[in-house]
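First the structure, in the form of structure tokens, and then the observations on it.
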Amino acid sequence: MQNTTENQSPIMFMGCTSDAGKSLVCALVCRHLTNLGSNVAPFKAQNMSNNAAVTQEGGEIGRAQYLQAIAAKQTPSIDMNPVLLKPHSDKGAQVVVNGEVSHELLAKDWHQRKSVLWPAVTASLARLQQGFSQLVIEGAGSPAEVNLRKSDIVNMEVALHCKASVYLIADIDRGGAYAHLLGTWMCLSAEEQRLVKGFVLNKFRGEQALLHDANVWLEEKTGIPIVAVIPWTEHQLPEEDNFFHRSVWQPNCLNIALIVYPYASNLDEFDPLVYQAGVNVVPMRDSQDLGHFDAIILPGSKHVAASRKHLAKTGLDKQIIKAAKQGVRVTGICGGLQILGERNLDPSSVEGETFDGLSLLPLTTVYSYVKTTIQRSISYRGETIACYEIHHGQTQCSVQLDSFVEQATGWQLNNVQGSYLHDLFTNRKVCQDWLESLGWQGQCEDWNQVVDNELDRLCDKLDLPLSQISEHAGITKA
């Protein structure tokens, strides 16, 4: 989008810890400033997450930046998240640069990568600054991680480069918020400290008047004010990475077991089920009898071989097979589909080894370094639905099976089904049909509209702290 207004200083949010709420705050600030008339774009130089989205260009970005773009009412772009790390082991991660996997960087030491990644970051940042009058930038983890300062491309290095107005966020619900804010600020250089314009307390429960003396104390120590206190607020927006839903099997509900194996990815695509009335989604990490569930879902995975090993180690594989033979619906998405097959061949060592699936579908997958990342628009029962593919490997079926949603990307054999298509349940028609086939009686809504309405609802509810932040940053109605 061509910038037709004068550029404002970028506003940047950093957390004192991970899960301080940066991503959500950035999304809401994007919507708030957009509602004020600003031409806004989100930016996060480097994200680490296995929850990825596919842009119109066919590149990968973090789901958080995708949501922030939607909040800003802009088309998501790879420039909004030029570097994405997708963990596939305790020490390793796939590196996505400008939307594409970089095999070259996997061989480089972590501290050696900055010389390659920093130019990509600054180029994306420059393009966004040319196209938008206001940037809302998200940091990663904490800028106080002194062990990572030399290789920093996402926190204070970005703030210094674009002279951003920085706001530090602390999660007061977890305790120690004032120590976190003071300690983080003290870990910064004098030049970096001058960029910090305010502190934000997030997830507060209680009477704000009780914070007064502590707020005064902190400002006396740092010269930086608490500019906003954001109350604890329940919401239905996607979480950035972790699957925080906690539930157990419940009577008088449609109970769905969601298998949360290591490196499970894109779990937010099941939010339309999680928040549906009369539907109970139960995260399943360890073995238990699954025969009393109405359905089992195997989600995508960044490391399918490791996820399959987890199923064998815990005995969940036997429970899934047993439940399938009892007639329980089993649905696999992407990596979950591959696990439902018979053989997964890995001649290029993408997954690290060849391995057997659960043999619930007569499928064979062959992995290669070529990665499919594409937005799709398909016809489903007379409607056009939006979805996307993001996977290594191509899958062939050894016999003629019924198709699941779309021929050639999905297969079904009796009560077992799988598809390469992500975001199926965000489409009202697919979600409605799938739930009704399990005996559910209800009415699904268009989930994209639900998310958009939720952004507006939260902005209305949190108008005071959001206005306090934008006014302190000098951003007024356009």
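Between Lys309 and Ala179, the distance separating the two model label sites (each 7 Å from Cα on the Cα→Cβ line) works out to 3.7 nm. Summing +1 for each Lys or Arg and -1 for each Asp or Glu among the other residues whose beta-carbon sits under 9 angstrom from that of Glu60 gives +1.
If each Cα of the chain is one equal point scatterer, what is log10 of I(q)/I(0) from the Debye formula at q = 0.05, 0.10 Å⁻¹? Each listed q corresponds, in turn, to -0.19, -0.78. Within the P(r) computed for the stretch 41-154, what percentage of the Cα pairs occupies the region above 25 Å? Within the stretch 41-154, distances greater than 25 Å cover 16 percent of Cα pairs. Take the Cβ-Cβ distance between Met186 and Val116 as r, set R0 to 25 Å, and report the resulting FRET efficiency rounded to the nearest 0.05. The calculated FRET efficiency here is 0.20.
Cross-link partners for Lys91 among the lysines, with Cα-Cα distance under 23 Å and sequence neighbours closer than 8 places in the same chain left out: Lys44, Lys108, Lys114, Lys150, Lys302, Lys309, Lys313, Lys371.
With a cut-off of 15 Å, note down the residues of the stretch 194-232 whose backbone N falls inside the zone around a label point 7 Å from the Cα of Leu160 toward its beta carbon. The answer is 194-196, whose backbone nitrogens lie closer than 15 Å to the label point.
Gain in length, Lys461 to Lys221, computed as 0.36 nm per residue apart minus the alpha-carbon separation, to one decimal in nm?
Values: separation 240, 0.36 × 240 = 86.40 nm, distance 3.17 nm.
Gain in length upon complete extension: 83.2 nm.
Surface calculation, 1.4 Å probe, protein heavy atoms: Cys30 sits at approximately 0 Å² accessible. Computed 3J(HN,Hα) for the stretch 181-190, one whole-Hz value per residue from the Karplus formula 6.51 cos²θ - 1.76 cosθ + 1.60 where θ = phi - 60°, is 5, 5, x, 5, 4, 5, 6, 8, 6, 4, glycine and proline marked x.
Could you look at the stretch 404-478 and say what percent of its accessible area is carbon and sulfur, using a 1.4 Å probe and all protein chains? Spell out each step's value before the answer.
Values: 1450 of 3470 Å².
Exposed carbon and sulfur together represent 42 percent of the surface.
Under 5 Å between amide hydrogens, built in the peptide plane, is the criterion, and for Gln74 it picks out nothing among residues at least 5 positions away or on other chains. With the simple spin-label model, which puts each label point 7 Å out from Cα in the Cβ direction, the Glu104 to Thr384 separation comes to 3.8 nm. Relative to a virtual label point 7 Å from the Cα of Val399 in the Cα→beta-carbon direction, which members of the stretch 313-349 show backbone nitrogen distances below 20 Å? From the stretch 313-349, the list is 321-332, 337-344. From the helices alone, meaning DSSP H stretches of at least four residues, give me the mean residue ellipticity at 222 nm for the chain, per-run term -39500 (n - 2.57), in deg cm²/dmol to the nearest 500. One gets -8500 deg cm²/dmol as the mean residue ellipticity at 222 nm.
So between Arg376 and Ala408, what do we pick up on full extension, going 0.36 nm a residue minus the alpha carbon distance? Could the numbers behind the result be given before it?
Numbers: separation 32, 0.36 × 32 = 11.52 nm, distance 1.34 nm.
Computed gain between Arg376 and Ala408 is 10.2 nm.
Distance between the pseudo-spin-label points of Ser18 and Glu454 (7 Å out from Cα toward the beta carbon): 2.2 nm.
Could you tally the net charge around Val97, taking each other residue with its Cβ under 11 Å from the Cβ of Val97, Lys/Arg +1 and Asp/Glu -1? Intermediate results must be reported in sequence, preceding the final value.
Values: positive: Arg113; negative: Glu60, Glu100, Glu104.
Net charge in that neighbourhood comes out at -2.
As a calculated quantity, the FRET efficiency between Arg205 and Leu345 at R0 = 45 Å, using C-beta atoms, amounts to about 0.30. Give the relative contact order (percent, whole number) for the stretch 12-166; include only Cα pairs under 8 Å separated by 6+ residues. The normalised contact order for the stretch 12-166 reaches 32 percent.
Per the 1.4 Å probe, what fraction of the accessible area of the stretch 157-277, in percent, lies on carbon and sulfur atoms? All intermediate terms of the calculation are to be shown ahead of the outcome.
On the way: 2850 of 5510 Å².
Ligands and nucleic acids excluded, carbon and sulfur reach 52 percent.
Any idea what angle helix 212-222 forms with the longest principal axis of the chain, computed on alpha-carbon atoms, 0 to 90 degrees, nearest 10? Taking Cα atoms only, the helix is inclined about 70 degrees.
For the stretch 48-133, the solvent-accessible area of protein heavy atoms averages 39 Å² per residue (probe radius 1.4 Å; ligands and nucleic acids excluded). Seen against the Cα atoms of the chain and their longest principal axis, helix 114-131 is set at about 80 degrees. Positive contributions from Lys and Arg (+1) and negative ones from Asp and Glu (-1), summed over other residues with Cβ under 13 Å from the Cβ of Gln326, come out at +2.
The values are calculated or read from the model by the stated rules, or taken from the named source; none is laboratory data. Everything quoted here is computed from the prediction, not taken from an experiment. Heads up, the Cβs are rebuilt from the backbone with ideal geometry, glycines too, and the neighbour counts pull from every protein chain shown. Please note that ligands, DNA and RNA were not included when accessible areas were found on the heavy atoms of the full protein model with its side chains. Shrake-Rupley method; radii C 1.70, N 1.55, O 1.52, S 1.80 Å.
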